[in-house]
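First up is the structure itself, then whatever we jot down about it.
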Amino acid sequence: MRSFCLTVFSLLLVTASMAQVTRSGGTLSKKDQKRQKINAMIRQAEEGVLVYNKQSTMGLQARSNGYGLFYEIGRMKSPLRTTVYRFDLTEIKHPKENKFQNLSNPFLFFSNPYIYGKANNFFQFTMGVGQQRILGQKGNKNGVAVSAVYNGGLAMGLLKPYYVQVEDPGSDDLLYIKYTSADSVLFLGPSILGAGGFWRGWKELKVQPGLFVKGALRFDYGRFNEVVSGIEVGASAELYAKRIPIMALQNDKPFFFQAHIALLFGKRK
């Protein structure tokens, strides 16, 4: 009986030891895999390969018909592909816009230059989703990574009435008016003293819904992978449900196409 108990105890002890060794081996294997993955990411970073989980990018852009800024969030799905969510705020200028100043205005020092015939300031807020695809890695820390970026989504056109200050010919009073059929003679006449100011008209903001698409090439020359530094060159197009009135006595259109160049900065982690 004693021999039987010793045999059973020995078998249990051996089994427990083997299970412990198996568990320990499994844990060590996971640690090794994690360590190997970290080492591979460090080696890729040293070789100039962009490796990250998430990036946030901001940019200032000059456009062929205006200017703007944007914010973008990117989540890496593979070494060559990142899903991006982008938000742009821009202003579109009409090609017929020209600034003037009334030199006969007795209050010239305090007056603002005005854009003759401008009916509305036209701002755009766009929200889109797309992808960033790596076309060429840096090769080294001092290299340049080239990516193709494309996205599309919703566009909201924001129309703010443009006000000018005029002198009422009947009473010599100073008035702030916007373009309407009733005030068109004064608005387009010779009695304009200056612009009404940027902050006037925001309570009368109108929204026009639309869609947009955007494509660009991005050149990332940042020395460290944790920092986004680069230039983006591309083009975009927007289509609205209605024609957008920017200038008086001009043909309004619902479609806009423009090129842009942007300066990028941000971070990765």
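Under 19 Å from a point 7 Å along the Cα-to-Cβ line of residue 146: which residues of the stretch 211-252 have their amide N that close?
What the label zone holds, given the 19 Å backbone N cut-off, is 215-223, 229-235.
Can you give the extra length, in nm with one decimal, that the chain gains between residue 96 and residue 205 once fully stretched, where that is 0.36 nm per residue apart less the Cα-Cα distance? Walk me through the intermediate numbers first.
Values: separation 109, 0.36 × 109 = 39.24 nm, distance 2.24 nm.
Here the answer is 37.0 nm.
Normalise the Cα radius of gyration of the stretch 158-269 by 2.2 N^0.38 Å (N = residues in it) and let me know the number.
Taking the Cα Rg and dividing by 2.2 N^0.38 Å, one obtains 1.59.
So which lysines can residue 30 reach, going by Cα to Cα under 27 Å and dropping same-chain residues fewer than 8 places off?
54, 77, 269
For the stretch 51-268, would you read off the P(r) tail past 32 Å as a percentage of all alpha carbon pairs? Walk me through the numbers on the way to the answer.
Working: 8105 of 23653 pairs.
Cα-Cα pairs of the stretch 51-268 separated by over 32 Å account for 34 percent.
Could I have the simple spin-label model distance between residue 60 and residue 198, label points 7 Å from Cα toward Cβ, reported in nm to one decimal?
According to this spin-label approximation, the distance is 1.3 nm.
Report the GluC sites (Glu not before Pro) located in the stretch 177-269 that are in a DSSP loop and have at most 13 other Cβ atoms inside 10 Å of their Cβ, or state none.
Values: sites: 204, 226, 232, 238; in loops: 226.
Filter output for the stretch 177-269: 226.
Using 1/(1 + (r/R0)^6) with R0 = 22 angstrom and r between the beta carbons of residue 227 and residue 125, what's the FRET efficiency to the nearest 0.05? Spell out each step's value before the answer.
Numbers: r = 28 Å, r/R0 = 1.25.
After rounding to 0.05, the efficiency reads 0.20.
Setting aside same-chain residues fewer than 8 positions from residue 253, which aspartates and glutamates have a Cα under 20 Å from its Cα?
Partners found: 91, 97, 238.
Given labels modelled 7 Å from the Cα in the Cβ direction, how far is it in nm from residue 261 to residue 237?
Result for the modelled spin labels: 2.4 nm.
Taken together, the values in this text are just the output of simple stated rules run on the coordinates, not laboratory data. These numbers were taken from a predicted model, which means no experiment stands behind them. Cβ atoms come from the backbone with ideal geometry, glycine included; neighbour counts cover every protein chain shown.
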